[in-house]
Amino acid sequence: MSADTPQYCFKFRTYQRRFKQPLQTSHGSWEMREGIILSLRDNDGKVGWGEIAPLPWFGSETLEEAYNFCDRLPQKITEETIFSIPDGLSATQFGFESAWEGRGERGREGERARILNSTHHTPHTTIQYSALLPTGAAALQAWESLWERGYRTFKWKIGVAAIAQELKWVEELMSLLPAGAKLRLDANGGLNWEEARSWLEVCDRSQRSQVEFLEQPLAVDRFEAMLELSRLYSTTLALDESVAAIAQLEECYQQGWRGVFVVKPCIAGSVKSLRRFCQQHEVDLVFSSVFESKIGRQAALRLATELSQSDRALGFGIDCWFDDDDLF
Ligand code: MG
């Protein structure tokens, strides 16, 4: 290392954040968000904050793997360390690169506050968020207060209860939603072929085209079948679990996917690589949260506003899932 190689003073700590109510998905019940907050301070005293928010059932490393990586690092690190984190540690790559990019950002506090606090479309902001509805029948009531707060796009997890029941609920939900509302249905890969077809028939029949897209109907290993579904139905399909990391995003694109790609920046991996992919291809992206804290959220939203090529709502409408507190 030469004498003028920039060095960064590295610190980290873990955090835990309990959901107000456990989040039910087809992966099971999730009660506690755990992650790591890190900081990098350069020789000029400029500090950048980053967050490692793993989602192991989505293909990222575990919190333990991320922790062990951080724990083995010396107190002072170089860019070589930051940009050579292995692809297997995708959430860690994001945490370090976003901290590095965000050094000395204090001057942009106003812009930050606007991004973090805006929930709906006003003349002063072009950012719209999609709100996550509670799973099951609770969605039939919950949309209303979210609508009053300005949300126009709603996301609902499916593949959790019996399909006949869920299909009745979704038809009821669609009949209740006002004109202009959009619904995203997220199966988290939990449907089989026949179930996916039943859902898509209901979506295609929707009079007012309320279903914006059906997300990850089938498991990750059924890419060809999802491609086939996208040809059979007019409802747009989105890939999420299938494109958790940037390498998968590239692969699905190369294999012909032209529907929506859901990108969760906090677990997608290297910020540089994601930026390169988005600049090289015309892709329909929806940026989405992994229930990270404000630190990861800010970095993810910064990327989303930079890289988004459509006016689709961002999947960050999750504030009602946690109590407010200082750090988050
Ligand atoms: Mg999803």
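The values are calculated or read from the model by the stated rules, or taken from the named source; none is laboratory data. What you see is a predicted model; the values in this text were computed from it and never measured. Please note: Cβ atoms are built from the backbone with ideal geometry, for glycine as well, and neighbour counts cover all protein chains shown. Please note that ligands, DNA and RNA were not included when accessible areas were found on the heavy atoms of the full protein model with its side chains. Shrake-Rupley method; radii C 1.70, N 1.55, O 1.52, S 1.80 Å.
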Test of understanding: what is the full-extension gain from Asp311 to Asp221, defined as 0.36 nm times their sequence separation minus their Cα-Cα distance?
29.4 nm
Could you tell me what percent of the accessible area of segment 257-328 is made up of carbon and sulfur, with a 1.4 Å probe and every protein chain present?
42 percent
What whole-number volume per residue, in cubic angstrom, does the convex hull of the C-alpha atoms of segment 8-114 give?
116 Å³
Quick check for me: using +1 on Lys/Arg Cβ and -1 on Asp/Glu Cβ, what's the dipole size of the chain about its Cα centre, in debye to the nearest 20?
700 debye
State, to one decimal in nm, how far the label point of Ala247 lies from the label point of Thr78, with both points 7 Å from Cα in the Cβ direction.
2.6 nm
Between their Cα atoms, which of Lys20/Lys272; Lys20/Lys76; Lys11/Lys182; Lys157/Lys294; Lys11/Lys264 are more than 31 Å away from each other?
Lys20/Lys272; Lys20/Lys76; Lys11/Lys182
Please find the FRET efficiency linking Trp193 to Gln21, where r is the Cβ-Cβ separation and R0 is fixed at 30 Å, and quote it to the nearest 0.05.
0.40
Whole angstrom only: what separates the Cα centroid of segment 1-44 from the Cα centroid of segment 289-321?
16 Å
Relative contact order (%) - the chain, alpha-carbon pairs under 8 angstrom, separation at least six
18 percent
Take the solvent-accessible surface of the protein heavy atoms, probe 1.4 Å, and return the percent of it on segment 124-196 that carbon and sulfur atoms account for.
53 percent
antiparallel share of DSSP beta bridges within the chain, to nearest 5, in %, is 50 percent
Give me the percent of accessible area attributable to carbon and sulfur for segment 8-114, probe 1.4 angstrom.
44 percent
What is the magnitude of the charge dipole of segment 8-114 about its Cα centre, with +1 placed on the Cβ of each Lys and Arg, -1 on the Cβ of each Asp and Glu, and no other charges, expressed in debye to the nearest 20?
580 debye
Compute, for Glu172, the solvent-accessible surface of its heavy atoms (probe 1.4 Å) with the complete set of protein chains present, and express it in square angstrom to the nearest 10.
90 Å²
Can you give the FRET efficiency for Ala161 and Asp323, using 1/(1 + (r/R0)^6), R0 = 35 Å, r = Cβ-Cβ distance, to the nearest 0.05?
0.80
What value in Å³ per residue do you get for the convex hull of the alpha-carbon atoms in segment 124-321?
117 Å³
The chain, accessible area per residue, ligands and nucleic acids excluded (1.4 Å, Å²):
46 Å²
